[in-house]
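Written below as C-alpha coordinates is the structure these notes are about.
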Amino acid sequence: MKKSMNYHKIAKPFYSAFLFCALSVSPSVGQNKIQSLKSAYEDDFLIGTALGTEHILERNEKANRLIKREFNAITPENIMKSQIIHPTPNHYNFDLSDKYVEYGLKNGMYIVGHTLIWHSQLPAFAGKIKNADSLRIFMTEHINTVAGRYAGKINSWDVVNEALNEDGTLRKSVFLNNLGEDYIKNAFDLAAKADPHAALYYNDYNIEQPAKRKGAIELIRKLQAGGTKIDGVGIQGHWSIHKLNLQEIETSIIEFSQLGIKVAFTELDLSVLPNPWDLQGADVNQRFAESPAMNPYKDSLPDSIQTVLANRYTDLFKLFLKHRDKISRVTFWGVDDSHSWLNGFPIRNRTNYPLLFDRALEPKKAYQAVINLKTTK
Ligand code: XIL
(Lines give C-alpha, C1' and ligand atoms only; values in the text may rest on other atoms or scores of the structure.)
Protein backbone atom coordinates (compact mmCIF):
# COMPACT_ATOMS: atom_id res chain seq x y z
CA MET A 1 0.00 0.00 0.00
CA LYS A 2 1.55 3.28 -1.06
CA LYS A 3 1.45 5.76 1.78
CA SER A 4 1.72 8.80 -0.46
CA MET A 5 -1.49 8.49 -2.42
CA ASN A 6 -5.01 9.72 -2.01
CA TYR A 7 -4.75 12.70 0.35
CA HIS A 8 -7.61 14.43 -1.39
CA LYS A 9 -10.19 12.35 -3.15
CA ILE A 10 -10.93 15.24 -5.49
CA ALA A 11 -7.32 15.75 -6.45
CA LYS A 12 -6.55 12.16 -7.36
CA PRO A 13 -7.20 12.40 -11.10
CA PHE A 14 -4.84 15.39 -11.25
CA TYR A 15 -2.28 13.45 -9.29
CA SER A 16 -2.41 10.42 -11.53
CA ALA A 17 -2.18 12.51 -14.69
CA PHE A 18 0.73 14.45 -13.26
CA LEU A 19 2.49 11.29 -12.10
CA PHE A 20 2.22 9.80 -15.56
CA CYS A 21 3.82 12.88 -17.13
CA ALA A 22 6.51 13.16 -14.47
CA LEU A 23 7.52 9.52 -14.85
CA SER A 24 7.76 9.79 -18.57
CA VAL A 25 10.01 12.86 -18.64
CA SER A 26 12.16 12.91 -15.50
CA PRO A 27 15.67 11.46 -15.62
CA SER A 28 16.25 8.12 -13.94
CA VAL A 29 18.52 7.94 -10.93
CA GLY A 30 20.49 4.81 -10.01
CA GLN A 31 20.13 1.34 -11.42
CA ASN A 32 16.54 0.72 -10.41
CA LYS A 33 15.21 3.77 -12.22
CA ILE A 34 14.06 5.57 -9.10
CA GLN A 35 12.72 8.86 -10.36
CA SER A 36 12.61 11.09 -7.34
CA LEU A 37 12.67 11.34 -3.57
CA LYS A 38 8.91 10.94 -3.34
CA SER A 39 8.85 7.85 -5.51
CA ALA A 40 11.84 6.33 -3.71
CA TYR A 41 10.07 6.70 -0.37
CA GLU A 42 6.47 6.24 -1.48
CA ASP A 43 6.00 3.09 0.59
CA ASP A 44 7.62 4.65 3.65
CA PHE A 45 6.55 8.22 4.39
CA LEU A 46 5.73 11.48 2.68
CA ILE A 47 8.63 13.66 1.53
CA GLY A 48 7.91 17.35 1.89
CA THR A 49 9.37 20.77 1.33
CA ALA A 50 8.69 24.28 2.63
CA LEU A 51 7.45 26.73 0.02
CA GLY A 52 8.26 30.43 -0.10
CA THR A 53 6.19 33.02 -1.95
CA GLU A 54 8.26 32.60 -5.12
CA HIS A 55 7.42 28.89 -5.21
CA ILE A 56 3.73 29.38 -4.55
CA LEU A 57 3.57 31.89 -7.39
CA GLU A 58 5.53 29.48 -9.63
CA ARG A 59 8.02 32.20 -10.55
CA ASN A 60 10.92 29.92 -11.46
CA GLU A 61 10.12 27.14 -13.91
CA LYS A 62 13.07 24.95 -12.92
CA ALA A 63 12.23 25.19 -9.21
CA ASN A 64 8.59 24.48 -9.98
CA ARG A 65 9.46 21.34 -11.95
CA LEU A 66 11.76 20.18 -9.17
CA ILE A 67 9.12 20.67 -6.46
CA LYS A 68 6.52 18.73 -8.42
CA ARG A 69 8.96 15.98 -9.34
CA GLU A 70 10.52 15.40 -5.91
CA PHE A 71 7.97 16.21 -3.20
CA ASN A 72 4.50 15.03 -2.30
CA ALA A 73 3.96 17.25 0.75
CA ILE A 74 4.20 21.01 1.21
CA THR A 75 4.41 23.41 4.15
CA PRO A 76 4.15 27.21 3.84
CA GLU A 77 7.44 28.60 5.17
CA ASN A 78 5.94 31.90 6.36
CA ILE A 79 2.73 32.96 4.67
CA MET A 80 0.29 31.26 7.05
CA LYS A 81 1.92 32.59 10.21
CA SER A 82 -0.46 34.83 12.15
CA GLN A 83 1.59 38.01 11.60
CA ILE A 84 1.18 37.64 7.85
CA ILE A 85 -2.24 36.07 7.53
CA HIS A 86 -3.94 38.09 10.31
CA PRO A 87 -2.00 41.37 10.72
CA THR A 88 -4.74 43.45 12.37
CA PRO A 89 -7.77 42.38 14.41
CA ASN A 90 -10.31 42.34 11.59
CA HIS A 91 -8.11 41.85 8.57
CA TYR A 92 -6.89 38.62 7.02
CA ASN A 93 -4.56 38.22 4.00
CA PHE A 94 -5.74 35.10 2.24
CA ASP A 95 -4.37 35.86 -1.19
CA LEU A 96 -1.16 33.82 -0.90
CA SER A 97 -2.55 31.14 1.39
CA ASP A 98 -5.40 30.49 -1.08
CA LYS A 99 -2.81 30.13 -3.85
CA TYR A 100 -0.71 27.84 -1.66
CA VAL A 101 -3.64 25.52 -0.99
CA GLU A 102 -4.63 25.65 -4.65
CA TYR A 103 -1.06 24.68 -5.62
CA GLY A 104 -1.19 21.65 -3.33
CA LEU A 105 -4.61 20.59 -4.56
CA LYS A 106 -3.81 20.88 -8.24
CA ASN A 107 -0.62 18.85 -7.77
CA GLY A 108 -2.20 16.20 -5.53
CA MET A 109 0.11 17.04 -2.63
CA TYR A 110 -0.34 16.57 1.10
CA ILE A 111 -0.95 20.10 2.39
CA VAL A 112 0.34 21.20 5.79
CA GLY A 113 -0.90 24.32 7.60
CA HIS A 114 1.84 26.07 9.57
CA THR A 115 1.11 27.36 12.14
CA LEU A 116 -1.93 28.44 14.18
CA ILE A 117 -0.62 29.37 17.64
CA TRP A 118 2.99 30.52 18.02
CA HIS A 119 4.59 33.22 20.18
CA SER A 120 6.82 34.26 17.28
CA GLN A 121 5.82 36.01 14.04
CA LEU A 122 2.73 37.11 15.90
CA PRO A 123 0.83 40.28 14.86
CA ALA A 124 1.74 43.30 17.02
CA PHE A 125 -1.82 43.70 18.30
CA ALA A 126 -1.93 40.13 19.63
CA GLY A 127 1.48 40.42 21.31
CA LYS A 128 0.21 43.43 23.28
CA ILE A 129 -2.90 41.75 24.70
CA LYS A 130 -2.89 41.87 28.49
CA ASN A 131 -6.04 40.01 29.52
CA ALA A 132 -7.50 36.54 29.18
CA ASP A 133 -10.78 37.49 27.52
CA SER A 134 -9.19 39.42 24.65
CA LEU A 135 -6.61 36.73 24.02
CA ARG A 136 -9.28 34.04 24.05
CA ILE A 137 -11.21 36.06 21.46
CA PHE A 138 -8.06 36.41 19.31
CA MET A 139 -7.35 32.67 19.45
CA THR A 140 -10.92 31.67 18.76
CA GLU A 141 -11.40 34.01 15.83
CA HIS A 142 -7.98 33.23 14.41
CA ILE A 143 -8.35 29.47 14.51
CA ASN A 144 -11.99 29.47 13.37
CA THR A 145 -11.27 31.78 10.46
CA VAL A 146 -8.00 30.30 9.22
CA ALA A 147 -8.52 26.57 9.90
CA GLY A 148 -12.21 26.93 8.99
CA ARG A 149 -11.43 28.48 5.60
CA TYR A 150 -9.34 25.49 4.52
CA ALA A 151 -11.36 22.76 6.23
CA GLY A 152 -11.26 19.59 4.14
CA LYS A 153 -8.33 20.91 2.07
CA ILE A 154 -5.47 21.20 4.55
CA ASN A 155 -4.37 17.69 5.54
CA SER A 156 -2.57 18.56 8.72
CA TRP A 157 -2.15 21.57 11.01
CA ASP A 158 0.76 22.50 13.25
CA VAL A 159 -1.70 23.69 15.88
CA VAL A 160 0.71 24.88 18.56
CA ASN A 161 4.34 25.66 17.76
CA GLU A 162 7.25 25.83 20.22
CA ALA A 163 5.38 26.02 23.53
CA LEU A 164 8.28 24.55 25.52
CA ASN A 165 11.53 25.78 27.05
CA GLU A 166 14.72 23.72 26.80
CA ASP A 167 14.18 22.30 30.30
CA GLY A 168 10.73 21.03 29.35
CA THR A 169 8.74 23.68 31.23
CA LEU A 170 6.19 25.81 29.39
CA ARG A 171 7.53 28.90 27.64
CA LYS A 172 6.36 32.20 29.10
CA SER A 173 4.51 33.59 26.10
CA VAL A 174 1.61 35.97 25.72
CA PHE A 175 -0.58 32.85 25.55
CA LEU A 176 0.71 31.23 28.75
CA ASN A 177 0.79 34.53 30.63
CA ASN A 178 -2.83 35.38 29.89
CA LEU A 179 -4.52 32.00 29.67
CA GLY A 180 -2.38 29.58 31.64
CA GLU A 181 -1.46 26.18 30.27
CA ASP A 182 -5.01 25.48 29.12
CA TYR A 183 -4.35 27.59 26.04
CA ILE A 184 -2.78 24.52 24.42
CA LYS A 185 -5.86 22.38 24.97
CA ASN A 186 -8.09 25.26 23.83
CA ALA A 187 -6.11 25.65 20.62
CA PHE A 188 -6.33 21.95 19.76
CA ASP A 189 -10.04 21.78 20.60
CA LEU A 190 -10.76 24.84 18.45
CA ALA A 191 -8.76 23.40 15.55
CA ALA A 192 -10.53 20.03 15.81
CA LYS A 193 -13.88 21.80 15.62
CA ALA A 194 -12.89 24.15 12.80
CA ASP A 195 -11.50 21.32 10.66
CA PRO A 196 -12.55 17.89 11.91
CA HIS A 197 -10.62 16.10 9.15
CA ALA A 198 -7.16 17.63 9.51
CA ALA A 199 -4.49 15.74 11.44
CA LEU A 200 -3.46 17.90 14.41
CA TYR A 201 0.19 18.19 15.44
CA TYR A 202 2.26 19.72 18.22
CA ASN A 203 5.49 21.04 16.60
CA ASP A 204 8.77 22.06 18.26
CA TYR A 205 12.58 22.05 17.97
CA ASN A 206 14.96 20.14 20.24
CA ILE A 207 12.17 17.89 21.52
CA GLU A 208 14.46 14.98 20.69
CA GLN A 209 16.61 16.19 23.62
CA PRO A 210 15.78 14.39 26.91
CA ALA A 211 14.48 17.24 29.12
CA LYS A 212 12.46 18.95 26.43
CA ARG A 213 11.18 15.58 25.17
CA LYS A 214 9.94 14.80 28.67
CA GLY A 215 8.07 18.12 28.67
CA ALA A 216 6.55 17.35 25.26
CA ILE A 217 5.44 13.90 26.37
CA GLU A 218 3.81 15.38 29.44
CA LEU A 219 2.07 18.03 27.33
CA ILE A 220 0.73 15.40 24.90
CA ARG A 221 -0.35 13.04 27.72
CA LYS A 222 -2.32 15.86 29.35
CA LEU A 223 -4.12 16.63 26.10
CA GLN A 224 -4.96 12.96 25.63
CA ALA A 225 -6.12 12.56 29.23
CA GLY A 226 -8.50 15.51 28.77
CA GLY A 227 -10.01 13.94 25.65
CA THR A 228 -8.41 16.38 23.23
CA LYS A 229 -7.60 15.19 19.72
CA ILE A 230 -3.89 15.16 18.87
CA ASP A 231 -2.64 13.05 15.97
CA GLY A 232 1.05 13.66 15.89
CA VAL A 233 4.18 15.39 17.02
CA GLY A 234 6.47 17.36 14.74
CA ILE A 235 10.17 17.20 15.51
CA GLN A 236 11.48 20.17 13.54
CA GLY A 237 14.96 18.76 12.86
CA HIS A 238 17.07 21.92 12.55
CA TRP A 239 20.33 20.09 13.08
CA SER A 240 24.00 20.24 12.14
CA ILE A 241 26.47 17.91 10.43
CA HIS A 242 28.79 18.58 13.38
CA LYS A 243 26.33 17.38 15.98
CA LEU A 244 23.62 14.89 15.22
CA ASN A 245 22.46 12.75 18.09
CA LEU A 246 20.95 9.72 16.37
CA GLN A 247 20.46 7.92 19.66
CA GLU A 248 18.24 10.67 21.07
CA ILE A 249 16.36 10.93 17.79
CA GLU A 250 15.66 7.20 17.83
CA THR A 251 14.54 7.25 21.47
CA SER A 252 12.22 10.14 20.63
CA ILE A 253 10.63 8.34 17.67
CA ILE A 254 9.95 5.36 19.90
CA GLU A 255 8.72 7.26 22.96
CA PHE A 256 6.46 9.62 21.03
CA SER A 257 4.94 6.83 19.01
CA GLN A 258 4.24 4.90 22.21
CA LEU A 259 1.75 7.68 22.96
CA GLY A 260 -0.27 6.38 20.02
CA ILE A 261 0.54 9.33 17.73
CA LYS A 262 2.53 9.74 14.52
CA VAL A 263 5.97 11.31 14.38
CA ALA A 264 6.84 13.76 11.60
CA PHE A 265 10.14 15.46 10.88
CA THR A 266 8.72 18.79 9.90
CA GLU A 267 11.58 21.22 9.17
CA LEU A 268 14.65 19.16 8.37
CA ASP A 269 17.93 20.87 7.49
CA LEU A 270 21.56 20.12 8.40
CA SER A 271 23.75 23.19 8.80
CA VAL A 272 27.36 22.74 7.66
CA LEU A 273 28.55 25.99 9.27
CA PRO A 274 30.10 26.63 12.68
CA ASN A 275 27.57 27.10 15.40
CA PRO A 276 28.00 30.26 17.52
CA TRP A 277 28.18 29.37 21.24
CA ASP A 278 27.22 25.90 20.15
CA LEU A 279 23.68 27.07 19.77
CA GLN A 280 21.24 24.24 19.27
CA GLY A 281 17.84 24.45 17.76
CA ALA A 282 15.91 27.25 16.22
CA ASP A 283 14.86 30.04 18.51
CA VAL A 284 14.16 32.53 15.74
CA ASN A 285 14.82 35.45 18.06
CA GLN A 286 18.47 34.56 18.61
CA ARG A 287 20.99 36.34 16.34
CA PHE A 288 24.78 36.54 16.44
CA ALA A 289 27.41 38.82 14.93
CA GLU A 290 28.71 38.22 11.39
CA SER A 291 32.41 37.28 10.99
CA PRO A 292 34.54 35.59 8.26
CA ALA A 293 35.40 32.68 10.58
CA MET A 294 31.70 31.96 10.92
CA ASN A 295 31.25 31.92 7.13
CA PRO A 296 34.00 29.59 5.87
CA TYR A 297 32.37 28.38 2.61
CA LYS A 298 31.41 31.72 1.13
CA ASP A 299 32.24 30.69 -2.46
CA SER A 300 31.74 26.93 -2.51
CA LEU A 301 31.48 23.85 -0.34
CA PRO A 302 34.60 21.61 -0.29
CA ASP A 303 34.02 18.04 -1.49
CA SER A 304 35.03 16.69 1.90
CA ILE A 305 32.17 18.57 3.59
CA GLN A 306 29.78 17.62 0.79
CA THR A 307 30.63 14.01 1.68
CA VAL A 308 30.08 14.56 5.39
CA LEU A 309 26.68 16.07 4.60
CA ALA A 310 25.81 13.05 2.45
CA ASN A 311 26.89 10.69 5.23
CA ARG A 312 24.87 12.47 7.90
CA TYR A 313 21.77 12.40 5.68
CA THR A 314 22.42 8.69 5.05
CA ASP A 315 22.55 8.01 8.80
CA LEU A 316 19.34 9.93 9.35
CA PHE A 317 17.35 8.33 6.55
CA LYS A 318 18.55 4.84 7.61
CA LEU A 319 17.05 5.60 11.00
CA PHE A 320 13.86 6.98 9.47
CA LEU A 321 13.51 3.83 7.37
CA LYS A 322 14.04 1.61 10.39
CA HIS A 323 11.04 3.35 11.99
CA ARG A 324 8.99 3.93 8.87
CA ASP A 325 5.88 2.50 10.54
CA LYS A 326 5.94 5.34 13.08
CA ILE A 327 6.85 8.21 10.76
CA SER A 328 4.23 10.02 8.70
CA ARG A 329 6.37 12.61 6.90
CA VAL A 330 9.86 13.99 6.46
CA THR A 331 9.81 17.61 5.28
CA PHE A 332 12.89 19.61 4.31
CA TRP A 333 12.89 23.26 5.40
CA GLY A 334 13.27 24.72 1.95
CA VAL A 335 13.66 23.63 -1.66
CA ASP A 336 17.34 24.39 -2.33
CA ASP A 337 20.34 25.89 -0.55
CA SER A 338 19.75 29.40 -1.89
CA HIS A 339 16.34 29.49 -0.28
CA SER A 340 17.32 28.16 3.16
CA TRP A 341 16.64 30.35 6.20
CA LEU A 342 20.04 29.11 7.52
CA ASN A 343 21.76 31.62 5.22
CA GLY A 344 20.39 34.26 7.60
CA PHE A 345 20.01 32.46 10.93
CA PRO A 346 21.45 32.62 13.55
CA ILE A 347 23.98 34.90 11.80
CA ARG A 348 22.98 37.06 8.87
CA ASN A 349 24.55 36.92 5.39
CA ARG A 350 26.22 33.51 5.47
CA THR A 351 26.37 30.87 2.76
CA ASN A 352 25.00 27.60 4.09
CA TYR A 353 24.41 24.28 2.29
CA PRO A 354 21.88 22.36 4.42
CA LEU A 355 19.52 20.84 1.82
CA LEU A 356 19.60 18.20 -0.91
CA PHE A 357 19.55 20.62 -3.88
CA ASP A 358 22.24 23.20 -4.63
CA ARG A 359 21.89 26.82 -5.69
CA ALA A 360 21.59 25.79 -9.34
CA LEU A 361 18.68 23.52 -8.29
CA GLU A 362 20.76 20.44 -9.06
CA PRO A 363 20.80 17.37 -6.78
CA LYS A 364 23.79 17.17 -4.43
CA LYS A 365 25.76 14.13 -3.31
CA ALA A 366 23.45 14.01 -0.28
CA TYR A 367 20.44 13.63 -2.60
CA GLN A 368 22.05 10.66 -4.31
CA ALA A 369 22.91 9.14 -0.93
CA VAL A 370 19.30 9.39 0.27
CA ILE A 371 18.03 7.82 -2.97
CA ASN A 372 20.70 5.10 -2.87
CA LEU A 373 19.34 3.82 0.43
CA LYS A 374 16.34 2.63 -1.51
CA THR A 375 18.22 1.15 -4.48
CA THR A 376 21.08 -0.68 -2.76
CA LYS A 377 19.85 -2.96 0.00
C1 XIL B 1 11.52 30.48 9.82
C2 XIL B 1 11.51 30.85 8.33
O3 XIL B 1 12.19 29.85 7.62
C4 XIL B 1 12.17 32.19 8.13
O5 XIL B 1 12.03 32.61 6.77
C6 XIL B 1 11.55 33.24 9.07
O7 XIL B 1 12.26 34.44 8.94
C8 XIL B 1 11.58 32.77 10.50
O9 XIL B 1 10.94 31.51 10.60
N10 XIL B 1 10.66 27.08 13.49
C11 XIL B 1 9.51 27.17 12.76
C12 XIL B 1 9.56 27.82 11.43
O13 XIL B 1 8.48 26.61 13.14
O14 XIL B 1 8.35 28.47 11.11
C15 XIL B 1 10.71 28.80 11.33
O16 XIL B 1 10.76 29.30 10.00
C17 XIL B 1 12.01 28.12 11.73
C18 XIL B 1 11.94 27.64 13.15
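The values are calculated or read from the model by the stated rules, or taken from the named source; none is laboratory data. Just so it is clear, the structure is predicted and the values come from calculations on it, not from any experiment. When we count neighbours, we look across all protein chains shown, and the Cβ atoms used for this are built from the backbone with ideal geometry, even at glycine.
For region 137-163, a tally of residues being buried (at least 19 other Cβ atoms within 10 Å of the Cβ) and outside any loop (DSSP other than H, G, I, E, B) returns 12.
Looking across Asp299, Asp336, Asp303, Asp283, one residue alone is more than 30 Å from Glu61 (Cβ to Cβ) and of a type in the set (Asp, Glu). It is Asp283.
Of all residues in region 328-342, those satisfying the criterion of being within 10 Å of the ligand (Cβ to nearest atom) and at pLDDT 95 or above are Trp333, Gly334, Ser340, Trp341, Leu342. Restricting attention to region 343-369, report how many residues are within 15 Å of the ligand (Cβ to nearest atom) and free of Cβ contacts under 8 Å to residues at least 60 places away in the same chain. Summing the residues that are within 15 Å of the ligand (Cβ to nearest atom) and free of Cβ contacts under 8 Å to residues at least 60 places away in the same chain in region 343-369 gives 3.
Within the set Ile254, Ile241, the sole residue that is more than 13 Å from Leu316 (Cβ to Cβ) and more than 17 Å from the chain's Cα centre (by Cα) turns out to be Ile254. Among the residues of region 133-151, the ones that are under 15 Å from Ala192 (Cβ atoms) and among the β-branched types (Val, Ile, Thr) come to 3 in all. Scanning region 98-136 for residues that are within 16 Å of the ligand (Cβ to nearest atom), small (Gly, Ala, Ser) and in contact with a helix residue (DSSP H, G or I) (Cβ under 6 Å, 6 or more places away or on another chain) gives a single hit, Gly127. Within region 194-208, the set of residues being closer than 18 Å to Ser240 by Cβ and in a loop (DSSP other than H, G, I, E, B) comprises Tyr205, Asn206, Ile207, Glu208.
Can you name the residue in region 35-89 that is among the basic types (Lys, Arg) and more than 16 Å from the ligand (Cβ to nearest atom) and, of all such residues, is nearest to Phe125 (Cα to Cα)?
Restricting attention to region 35-89, the residues satisfying the condition of being among the basic types (Lys, Arg) are 38, 59, 62, 65, 68-69, 81.
Subsequent filtering for residues that are more than 16 Å from the ligand (Cβ to nearest atom) retains 38, 59, 62, 65, 68-69.
Numbers: Lys38: 41, Arg59: 33, Lys62: 39, Arg65: 39, Lys68: 38, Arg69: 41 Å.
Here the answer is Arg59.
Applying the criterion of being within 16 Å of the ligand (Cβ to nearest atom) and among the polar types (S, T, N, Q) to the residues of region 232-247, the residue that is farthest from Trp333 (Cα to Cα) is Ser240.
Among the residues of region 362-371, is any in contact with a strand residue (DSSP E or B) (Cβ under 6 Å, 6 or more places away or on another chain), among the aliphatic types (A, V, I, L, M) and outside any helix (DSSP H, G or I)? There is no residue in region 362-371 that is in contact with a strand residue (DSSP E or B) (Cβ under 6 Å, 6 or more places away or on another chain), among the aliphatic types (A, V, I, L, M) and outside any helix (DSSP H, G or I). Taking each residue of region 141-162 that is away from the ligand (no atom under 16 Å from the Cβ) and of a type in the set (Ser, Thr, Tyr) and looking for partners that are at pLDDT 95 or above and in a loop (DSSP other than H, G, I, E, B) with beta-carbon atoms closer than 8 Å, six or more apart or interchain, yields Thr145/His86; Thr145/Tyr92; Tyr150/Asp195.
Regarding Thr351, is this residue in contact with a helix residue (DSSP H, G or I) (Cβ under 9 Å, 6 or more places away or on another chain) and of a type in the set (Ser, Thr, Tyr)? Yes; evaluated as a whole, the condition is true for this residue. If only residues of region 164-183 that are outside any loop (DSSP other than H, G, I, E, B) and within 16 Å of the ligand (Cβ to nearest atom) are counted, the one that is nearest to Thr251 (Cα to Cα) is Leu164. At least 3 residues being touching a Ser or Thr at 6+ places or on another chain (Cβ under 9 Å), under 19 Å from Ala191 (Cα atoms) and at pLDDT 95 or above is the threshold, and among the helices (runs of 4 or more DSSP H) wholly inside region 23-121 those reaching it are 82-85.
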